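Below you'll find the structure, written out as structure tokens, and then a few comments.
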Amino acid sequence: MAILIANKVTKRFGGLTAVSQLDLEIKERSISSIIGPNGAGKTTFFNCVTGFYQPEEGEIIFQGRPIQNRSPDQITRLGIARTYQNIRLFANMTTMENILVGLHPRLKSTWIGAVLSTAGTRREEEWAHEEARKLLRFVNLQGKGDILAKNLPYGDQRRLEIARALASQPKLLLLDEPTAGMNPAETSEMVAFIRRLRDELGITILLIEHQMRVVMSISETIAVLDYGEKIAEGTPAEIQSNPRVIEAYLGRGSVAEAAETPQRPASTAPAISSLE
Amino acid sequence: MRQRFENIDYLGVILWLFRAVIIVAVIWGTIATILNNPYSTENWIDFLVFGLAQGSLYALIALGYTLVYGILFMINFAHGEFFMSGVFTATVFVAIPLNQAGYLNRYPILSLLGITLVAMVVSMGIAILTERVAYRPLRRAPRLVPLITAIGASFFWQYFFRGLYGSGVTAFPTVDILKGKWSIGGIEILKAQGVVIVASVLLLIGLYIFVMRTKTGKAMRAVAEDKDIAALMGIDVDRVIVITFATGAALAGAAGVLYALLFRQVHFFMGFIPGIKAFTAAVLGGIGSVPGAALGGLFLGMFESVGPSLFLEGLGIPAAYQLKDVIAFTMLVLVLIFRPQGILGERLAEKKA
Amino acid sequence: METSTRFNWRESVRMGLIAGVIALSLSLIGLVETFGGRDIIGGVVSLGQIFLFGAIMGVGYFSAQRNLNARAGVNLLGGLLIGVLASLPLVVLIFVAEPINLRQFLPNASPALLELITFGQEQVTGALIMVAVCGVLGLIGAGIYLLPSRLRRPLLIGLLLVLLIGLLSEIIILAWGNKGLGLKIRPLIFAAKGLSIRGALLVFLVVAGLNAAWSSQGDRVRQRLDALPSGQQRAFRWSSLILGLVILLFLPMILRTYLTEVIDNVGLYVLMGLGLNIVVGFAGLLDLGYVAFFAIGAYTMGVLTSQGDLGVGGMSFWMALPFAVLASVMAGIILGVPVLRMRGDYLAIVTLGFGEIIRILALSDFLAPVIGGAQGILKIPKARIGGVELVAPEQLYYLILGACLIAAYVSWRLRDSRLGRQWMAMREDEDVAQAMGIDLVQTKLLAFAIGAAFSGMSGAIFASKLSSIFPHSFNLLISINVLSLIILGGIGSLPGVVVGALILVGLPELLREFAEYRLLMYGALLIVMMIVRPEGFWPEATRKRELHGYEELEAKAVPAE
């Protein structure tokens, strides 16, 4: 069953059509990817799904409800969470506090309760801290709860961002280039981690990714965007042999990886095969 | 059904109501005034000409805000003080001594040019100093930080010049050739107002040519477009920023002298309210746009001058002229809510995306 | 690193001249002369001279810091050079002031100033002394930096305290009174004006000694405190809190009427500061029209309680207080709605506009029939508690203290709550905060509303304290005042608000000469703080300790897994 359906979604900026007539279906408990050259409209599509942009045309249906006119906070409360391409943590808040903010939709206490320090509020706060600590452990950040987010190393920041997204208990998680800027070891760790999210927590995952090794090894289905249009969709094997995809990548002389990946030298192969 | 209900944007509705109330009030007031018509045609023309003169001053000051905002995305709160510092200094050190020596009325044009030159140079000096000390170290800081420093700089300069030249109102000497009126096609215009309008238009045209035609102007526009790429192209970004501040301040300095001719007095607080008004004008015209600032200034000046009599009195408000600042600030709020890009500006939100 | 061991003479020349221009400006805007009458050490050094020479010493210090790898002798020489150069503008002033009658342009270039900077001598001798003194001061400035930090810190702190005690000598004498111990100690330390030389030495030695002792032993004390079991630590924290409260409770008896009056004013600003701290510090919304809510609170109180012509309610203070607060809250929400979608810097200007609109309306003839226009509202009754009318500053103190404690408590509870996290997340990144499920409209409006409530409460108390209110009490400068004090103390920090208010409101009230230069100093302060110490003097730190407890538990739990 499809958890997210995009139906002829179009987003324009002035004269530029960033996403054009996009159709997409994401199956529940699947891991899917969107790939495409820079400026293909991938992040714009994410922004449409999360309500940051309102598409001019088309509809986005999440669990059977249209969400294209809702505000980002409403959409998050429905069960969609995301991370950002250029990590956007609350830099001057601690690791714990970042996760506590992520827990926001699951808390109910009001400010009056906080001022009066009611039993309910205190219980909820204790529960929230406990939950946040669990999440810290889940992403391997235990013991770093009091560090300001901006002082964490890069890899930790990536994982904290995911933990913050997980805190709202999303049903669908959008990851925008989760392995950007990581070395091969960190990358394979991240790939394994993403799998765990699906296998252990049952979260549907949709990611934007540039590293073809990651995309091909992790995705069940892949959609390819170019100039805002979907030019191909299918399993990794189908995408690798699709002539239009190869043209989109090679024709613009950008990343040649799409064609190359299968024959990737052995140096990083073991890490990937061990995951599979 | 429930779904549709959830999707109503309450905020949008409230803002829409807010706008509707103000539009109705303005129309109501205007109609009431026209039906009563307490003023003669000459009165209305006087209001308009005064508004034009005041508005061209706003336009000159607004350019400083627009130029700096275009490049640094920063509201230079201290700009009103650049305006004040030049003319205050020129009045104390040049205009008054010249007047005492009798030169001011013997060689009025030469004297006025000298006064203007001194005012412009002092304003530029203050601007360059402020940029160097208070703004440059914070160029990469979060947005609010330079704004707070700018507020600090504004108050610092106000009270600095208050300490320097005293806290009272200093009279700007009268220039005999600017006394009286000109009659143009049956319309009588105070000479001082005429001079202000003409000089402002000339300065505005001069600035437009400077920004659009000269090499420095091109460099300014390049830096406004993208600082990093401009630097890669061999443009000295720091220098361009200083020039931008200096240009804006020079115009503000000249505007200061015109202000003194119009109102015949200077004091340490004179820059503050005109500064905020000029910022309003810049926003009104579309911040970052040079013609926009000019247009916004003129529009605001006229609106402020005609508005109280036109629609506030119609609403039965006594001493409506007291509320002209309220009109200006209300307009600022309305523009920022409903058309943040201003009359001529481009949409900043889209630039971001 | 070869180059950095050389002394940068060109820079020194520049710094010397900059120091000179600063010293000249300080003289010409009247600071030196105005504060020339306030002796720090009686008959020896006045605050005016400290401004003048402090600038020069500071630049000498700074220069040594910049050239820290140069040889000590060279560095001292550099300091001397800077001092001598810095004196040149003043020397020029000494010689030109009279011939060109500078005073007709610059009212502060007065004979009194000239007398001050020539040390009472005639021109040539005075100028020579000035050059020599400045040179020596530059040298001392550089010298202080060259001292090992073990000595430098006690020295600087000692000097600072001499300055502070000298500055406040009048008040300290006043507070001590003329009886008992006070009378005995007084001649020991104080001269007729300021400290006596002996007193200055005494203060300096005691403070420097204490500081040296603390820096060698302080770590150990702190360690021992940290090593205490958490129960005892909590007990320690509670007992210091209670001690603080007891001191606050008895403060008016220690301070007496005049000082309590000052503290009352500080308290009203603390109340406003706590409110603005929520808006600016927690939620990151730069509000420059904050005075509007203060005004609305005061006017509501005035209209509802006044026994004059304009009073309509004839209510008592306590009846009217909720309405005053409610009116401010409503205003906060009404003014908040249009600015909800505005970006930070626009928000600042628009709120500033709101503040002005409120002031203009208060002043206008349009609303004069209701709120009195320029004539204001008179005959506002005082608050009563159980039949006692709160008239004296000592009585009002408890009212203000109560309000401040409530506001501080609410701020403290909110800061660590869900709403507090919403605010901070919004301050850090509005878009992401919204993507975390935070309703921005509600979160912003709550910040505006709660902030306005504190300010309205402050305004209401202000109205009843003064018995009459006029529009000119509600100008923009109050907003700037409040903003400055929370920035000085540390944006978002609760103790910072108190520290900021004590320094920025308390000091100027005690030293009447400050009045004229208050905003000059605030302006400079805002710039300097933003560049040098944007986190303020008392930044937020408790937050970390809060979570520390949890983390400790966790650290113990992890190995067990």
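Every number here is computed from the coordinates shown, using simple stated rules; none is lab data. Note that the coordinates shown come from a computational prediction; the quantities given were computed from them, not determined experimentally. FYI the Cβ positions are ideal-geometry reconstructions off the backbone, even for glycines, and counts take in every protein chain you see.
Evaluated at q = 0.12, 0.23 Å⁻¹, a Debye calculation over the C-alpha positions of segment C:335-449 (equal weights, vacuum) places log10 I(q)/I(0) at -0.75, -1.15.
Relative contact order for segment C:150-214: what is it in percent, counting Cα pairs under 8 Å that are at least 6 residues apart? Mind showing how you got there, number by number?
Values: 55 pairs, mean separation 32.2, N = 65.
Across segment C:150-214, relative contact order equals 50 percent.
On the principal axes of its alpha carbon atoms, segment B:220-273 extends 48, 16, 15 Å, with the longest extent given first. Inter-label distance, B:Asn36 to C:Met330: 2.8 nm, where each label sits 7 Å from its Cα along the C-beta direction.
The Stokes-Einstein estimate for segment B:240-331, based on a Kirkwood radius over Cα pairs and taken at 4 °C with 1.567 mPa s viscosity, is a diffusion coefficient of 89 µm²/s. Ranked by the mean number of other Cβ atoms within 10 Å of their residues, highest first, the peptides B:30-41, B:78-89 fall in the order B:78-89, B:30-41. Long hydrophobic helices in chain A: the complete DSSP H runs spanning 15 Å or more by Cα along their own axis with mean Kyte-Doolittle hydropathy of at least -0.5 are A:184-201. Taken about its Cα centre, the protein assembly as shown carries a charge dipole of roughly 1600 debye when the Cβ of each Lys and Arg holds +1 and the Cβ of each Asp and Glu holds -1.
How do B:Lys218, A:Lys144 line up, fewest other C-beta atoms within 10 Å first?
On the way: B:Lys218 13, A:Lys144 19.
Lowest to highest Cβ neighbour count: B:Lys218, A:Lys144.
Ranking of A:Phe90, B:Phe73, A:Phe52, C:Phe293 by neighbouring Cβ atoms within 10 Å, starting from the fewest: B:Phe73, A:Phe52, A:Phe90, C:Phe293. Here segment C:425-468 is scanned for amide nitrogen atoms under 15 Å from the site 7 Å beyond the Cα of C:Glu389 along Cα-to-Cβ, giving C:464-468. Considered as an equivalent ellipsoid built on the Cα gyration tensor, segment A:92-169 has semi-axes of 24, 12, 10 Å, the largest given first.
Please give the average number of partner chain Cβ atoms lying within 10 Å of the Cβ of each residue in B:76-83, rounded to a whole number. Before the final figure, lay out the partial values.
On the way: counts 0, 5, 2, 0, 0, 1, 0, 0.
Counting Cβ atoms of other protein chains within 10 Å of each residue's Cβ and averaging gives 1.
Please work out whether segment C:69-124 counts as rounded, prolate or oblate from its C-alpha gyration tensor, where a ≥ b ≥ c are the square roots of the eigenvalues and a/c under 1.5 means rounded, while otherwise a/b larger than b/c means prolate and anything else oblate? In terms of gyration-tensor shape, prolate. Each peptide in C:463-469, B:219-225 was scored by the mean count of other Cβ atoms within 10 Å over its residues; highest first, the order is C:463-469, B:219-225.
Quick one: compute the contact order of chain A, relative version, from alpha carbon pairs under 8 angstrom and 6+ residues apart, as a percent.
On the way: 476 pairs, mean separation 66.2, N = 276.
This gives 24 percent for chain A.
Here the scattering of segment B:99-154 is modelled by Debye summation over its C-alpha atoms, one equal scatterer each and no solvent; at q = 0.16 Å⁻¹ the log10 of I(q)/I(0) is -0.61.
With helices as the sole contributors, chain A gives -12000 deg cm²/dmol at 222 nm; each DSSP H run of n ≥ 4 counts as -39500 (n - 2.57), and the sum is divided by every residue. Relative contact order of segment C:417-498: 13 percent, from C-alpha pairs under 8 Å at least 6 residues apart in sequence.
Helix by helix, which DSSP H runs in chain C go 30 Å or more along their axis at the Cα atoms and have an average Kyte-Doolittle hydropathy of 1.0 or more? Don't jump to the answer; show the numbers that get you there.
Numbers: long enough: C:72-96 (37 Å, 2.37); C:123-146 (34 Å, 1.99); C:197-227 (43 Å, 0.42); C:230-276 (41 Å, 1.06); C:317-339 (32 Å, 2.09); C:393-415 (31 Å, 0.72); C:440-466 (39 Å, 1.26).
TM-like helix candidates: C:72-96, C:123-146, C:230-276, C:317-339, C:440-466.
How big is D for segment C:198-342, in µm² s⁻¹ as a whole number, if Stokes-Einstein is applied with the Kirkwood radius of its Cα pairs at 37 °C and 0.692 mPa s? Result for D is 161 µm²/s.
Peptide packing for C:430-438, A:234-242 was compared via the average number of neighbouring C-beta atoms within 10 Å per residue; ordered from the highest value, the list is C:430-438, A:234-242.
Under conditions of 20 °C and 1.002 mPa s, chain C yields 80 µm² s⁻¹ as its translational diffusion coefficient, taking Rh as the Kirkwood radius over Cα pairs in the Stokes-Einstein equation. Within 10 Å of the Cβ of each residue in B:330-340, the mean number of Cβ atoms contributed by other protein chains is 4. Using the Cβ-Cβ distance between B:Phe73 and C:Lys184 with R0 set to 45 Å, the FRET efficiency works out to roughly 0.10. The convex hull around the C-alpha trace of segment B:50-296, projected and averaged over every direction, spans 13.4 square nanometres.
Taking the convex hull of the alpha carbon positions in segment C:7-146 and averaging its projected area over all directions gives 7.9 nm². For segment C:327-377, the share of alpha carbon pairs falling in successive 10 Å distance bins from zero is 24, 42, 27, 8 percent.
Distance between the modelled labels on C:Leu405 and B:Ile23, one decimal in nanometres: 5.4 nm (7 Å Cα→Cβ projection). Ranked from largest, the principal axis spans of the Cα set of segment C:150-214 equal 39, 19, 18 Å. Once both labels are positioned 7 Å from their Cα atoms along Cα-to-Cβ, the gap between C:Ser215 and C:Phe95 label points is 4.3 nm. Treating segment C:268-423 as a set of equal point scatterers at the Cα positions, no solvent, please give the Debye-formula log₁₀ I(q)/I(0) at q = 0.12, 0.18, 0.19 Å⁻¹. Relative scattering, expressed as log10 I(q)/I(0), comes to -0.61, -1.21, -1.29.
What's the exposure ranking of C:Ile334, A:Ile112, going from fewest to most Cβ atoms within 10 Å? Write out the running numbers ahead of the final one.
Values: C:Ile334 14, A:Ile112 10.
Lowest count first: A:Ile112, C:Ile334.
Spread over its residues, the convex hull of the C-alpha atoms of segment B:105-222 is 187 Å³ per residue.
To the nearest 500 deg cm²/dmol, what mean residue ellipticity at 222 nm is calculated for chain B from DSSP H runs of n ≥ 4 alone, each contributing -39,500 (n - 2.57), summed and divided by the residues? Display every interim value, and only then the final one.
Working: 16 runs with 250 residues, N = 353.
Dividing the helical sum by the residues of chain B leaves -23500 deg cm²/dmol.
Rg and Dmax of the protein assembly as shown, both derived from C-alpha coordinates alone, stand at 33.2, 100 Å.
Per the Kirkwood treatment, what hydrodynamic radius in Å, one decimal, follows for segment C:37-84 from the mean inverse distance over all distinct Cα pairs?
On the way: mean 1/r = 0.0847 Å⁻¹.
Evaluated over segment C:37-84, this radius sits at 11.8 Å.
To the nearest whole number, what is the average tally of beta carbon atoms from other chains within 10 Å of the beta carbons of peptide A:87-98?
Numbers: counts 0, 5, 3, 10, 3, 7, 6, 5, 2, 6, 8, 5.
Rounded to a whole number, the mean comes out at 5.
Quickly estimate the mean residue ellipticity at 222 nm for chain C, helices only: each DSSP H run with n ≥ 4 gives -39500 (n - 2.57), and the total goes over all residues, rounded to 500. Can you show the working numbers first?
On the way: 24 runs with 404 residues, N = 561.
It lands at -24000 deg cm²/dmol.
Remark: for residue pairs A:Lys11/A:Lys171; B:Lys191/B:Lys324; A:Lys8/B:Lys227; A:Lys108/A:Lys171; A:Lys108/A:Lys230, the C-alpha separation exceeds 31 Å in A:Lys8/B:Lys227; A:Lys108/A:Lys230.
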